[in-house]
Amino acid sequence: MHVHIINISYSLFIYMTAQCPICDAPVALQSNVEVSEVVNCTDCGSRVVVESIASSRVMLAQAPNIEEDWGE
Amino acid sequence: MKTLGLIHSTIRADEKLIIEAARKKNIQVKLIDIRTQIFNPETFVLDFDVALERSVSTVKGDYAIKFLENLGVPVVNFSEVAAVCGDKFLTSLALRKVTVPTPDFAMVFTLNQAVEAIKKIGGYPVVIKPAIGSWGRLLAKINDSDSLETVVEHKEVLGGPHQKAIYIQQYIEKPGHDIRAFVIGGKVICAIYRDSKHWITNTARGGVASNCPVTKELSKICKQASEAVGGGILAIDLFETKDGYLINEINHTMEFKNSEEPTGVSISSAIVDYCVEQVG
C-alpha cells in the first residue's frame, strides 16, 4: 500500500519527458514546468532550458551561458 | 483578482517559488520574458497591476524596470534601488553617506592609485571585486603587492571597461560564515548564516545555509541599510566583527531558494505580499 501511494504521487509529480538537445536522453519534467525554466539533464549534466510547451510536447534547448552581469 | 507581472529571463527555482506563492494567494501571474517582449511604449500591453523584476541579467532588468516605471506601473524594486544595489561602489557610497557601518573601500583606475588606496584602507589583505557582478565571480583576495600587480594588469589587458574600474574593499576576517538577511519593506523577515571554509561564502559557490536568529541589532542595521539604498525587497549580506555588524553588499534581485527550508519562512510569500501592497 505504501509503495502504491509513492507510485501515484510520483506519476503526478512527473509530467512528461523531453529530449535533451545535447545527448538525446529523456529529461524528466515536473508537472508545473514553465517556459524558460532551466533544468539539468541527469544523463549528460547539461543545463537546458524549456523553449516551448505545446499540448503535451516540451521542447528543450541548450541553456545560455552565464554572462558578466548575471546574478542577484 | 490582481495580476503580478514577473519580469524574467529564465525561470529558476526562486521564480517557481514566487509563482507558486502567488497562485496560492489567488494572485494571477503574467510571465514577462525579456527575451521575447518588445519594450515599445506604443505596442506594449499593460495587463498587470504591479511588476516584480527578476531578470538574471542586471542590465536587461534595469531597462525593463525603467520602461515600466515610465509607463506608470509600480515596479519592485524601484530603478533607483536597482541602480545603487547593482553597483557595489554606489552601495558603499550610499551606506557611508548615512554612516551605516560598512568595510572601508575605494574606487581606483590604475595600479599606482590602488597601491595608495590600500595603504589608506589599512594594508593587505584587501578584496578586489567587479563593481557590477554577482555570485562571487571574479572576486580576488589580494594578500600582497605581487598579487595586486598581477590582478590589476590582467584587468587592464583582458577586462572590459567595467573591469578597469577597480573597486577595492577592506578584507574582513569571518568566523567561518557571514550573514544574509532577507529584508522586505525595511523589516528583516529571516536571516541565514552562510558557512564555508572558503573566504567566499556565496551559496552559489558552495556556502551552506543555516538559520540565523534575527536580533534587534541585526534588524536595526538592516533597516538603516535598506533605507540608505531606497528600500524594497533586498538581501543584505553582513559580516560579524568584534565591534558589531558591517554591511558587505545589498542585492536587489535576491536568490532565496536555499533559505526557505532552514529558516522556516516563506520568503516567496512575503515577496508576493509586498508586491501586492504596492498596487495603489
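The values are calculated or read from the model by the stated rules, or taken from the named source; none is laboratory data. As the structure is a prediction and not an experimental result, all values here were calculated from the model. Because the Cβ atoms are built from the backbone with ideal geometry, glycine has one as well, and the counts that use them run over all protein chains shown.
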Which is of a type outside the set (A, V, I, L, M) and farther than 24 Å from B:Arg137 by Cβ, of B:Lys223, B:Lys155, B:Lys174?
-> B:Lys223
Scanning the stretch B:95-128 residue by residue, those exposed (fewer than 15 other Cβ atoms within 10 Å of the Cβ) and out of contact with any Ser or Thr (no Cβ under 8 Å at 6 or more places or on another chain) turn out to be B:Lys97, B:Val98, B:Thr99, B:Phe109, B:Thr110, B:Asn112, B:Glu116, B:Lys119, B:Lys120, B:Gly122, B:Gly123
With respect to the numbered conditions (1) more than 12 Å from every other protein chain (Cβ to nearest Cβ); (2) in contact (Cβ under 8 Å) with a residue 40 or more places away in the chain; (3) buried (at least 16 other Cβ atoms within 10 Å of the Cβ), which one is the sole condition not fulfilled by B:Gly61?
-> (1)
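Matching residues to (1) within 12 Å of chain A (Cβ to nearest Cβ); (2) in a loop (DSSP other than H, G, I, E, B); (3) in contact with a helix residue (DSSP H, G or I) (Cβ under 9 Å, 6 or more places away or on another chain); (4) within 21 Å of B:Lys257 (Cβ to Cβ):
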position	(1), (2), (3), (4)
B:Ala22	no, no, yes, yes
B:Arg35	yes, yes, yes, no
B:Leu46	no, yes, yes, no
B:Ser55	yes, yes, yes, yes
Does B:Asn40 count as exposed (fewer than 15 other Cβ atoms within 10 Å of the Cβ), modelled with pLDDT of 95 or more and in the same structural domain as B:Glu15 (by TED's automatic domain parsing)?
-> yes
Among (1) surrounded by 15 or more Cβ atoms within 10 Å (Cβ to Cβ); (2) within 12 Å of chain B (Cβ to nearest Cβ) - the single one A:Asn40 does not satisfy | (1)
Among residues belonging to the stretch B:24-33 that are touching a strand residue (DSSP E or B) at 6+ places or on another chain (Cβ under 7 Å), surrounded by fewer than 20 Cβ atoms within 10 Å (Cβ to Cβ) and within 14 Å of another protein chain (Cβ to nearest Cβ), point out the one that is farthest from B:Ala270 (Cα to Cα).
-> B:Asp33
Wholly within the stretch B:121-218, which strands (runs of 3 or more DSSP E) include no fewer than the required count, namely at least 1 residues that are within 14 Å of chain A (Cβ to nearest Cβ)?
-> B:126-130, B:177-184, B:187-195
May I ask you to list the residues in the stretch B:140-171 that are over 20 Å from B:Val59 (Cβ atoms), touching a Lys or Arg at 6+ places or on another chain (Cβ under 9 Å) and either surrounded by fewer than 18 Cβ atoms within 10 Å (Cβ to Cβ) or free of Cβ contacts under 8 Å to residues at least 40 places away in the same chain (or both)?
-> B:Ala140, B:Ser147, B:Glu156
Filter the stretch B:219-246 for residues that are touching a Gly at 6+ places or on another chain (Cβ under 7 Å) and assigned to a helix (DSSP H, G or I); the one that is farthest from B:Val76 (Cα to Cα) is B:Lys223
Conditions (1) surrounded by fewer than 19 Cβ atoms within 10 Å (Cβ to Cβ); (2) touching a Lys or Arg at 6+ places or on another chain (Cβ under 6 Å); (3) among the acidic types (Asp, Glu) -> B:Asp178 fails only (1)
Looking at the stretch B:120-138, is at least one residue aromatic (Phe, Trp, Tyr) and within 27 Å of B:Trp199 (Cα to Cα)?
-> yes
When the residues of the stretch A:43-72 are filtered to those that are among the aliphatic types (A, V, I, L, M), assigned to a strand (DSSP E or B) and within 10 Å of another protein chain (Cβ to nearest Cβ), which remaining residue is farthest from B:Arg205 (Cα to Cα)?
-> A:Val50
Members of the stretch A:18-37 that are surrounded by 13 or more Cβ atoms within 10 Å (Cβ to Cβ) and within 14 Å of another protein chain (Cβ to nearest Cβ) = A:Leu29, A:Gln30, A:Val33, A:Glu34, A:Val35, A:Ser36, A:Glu37
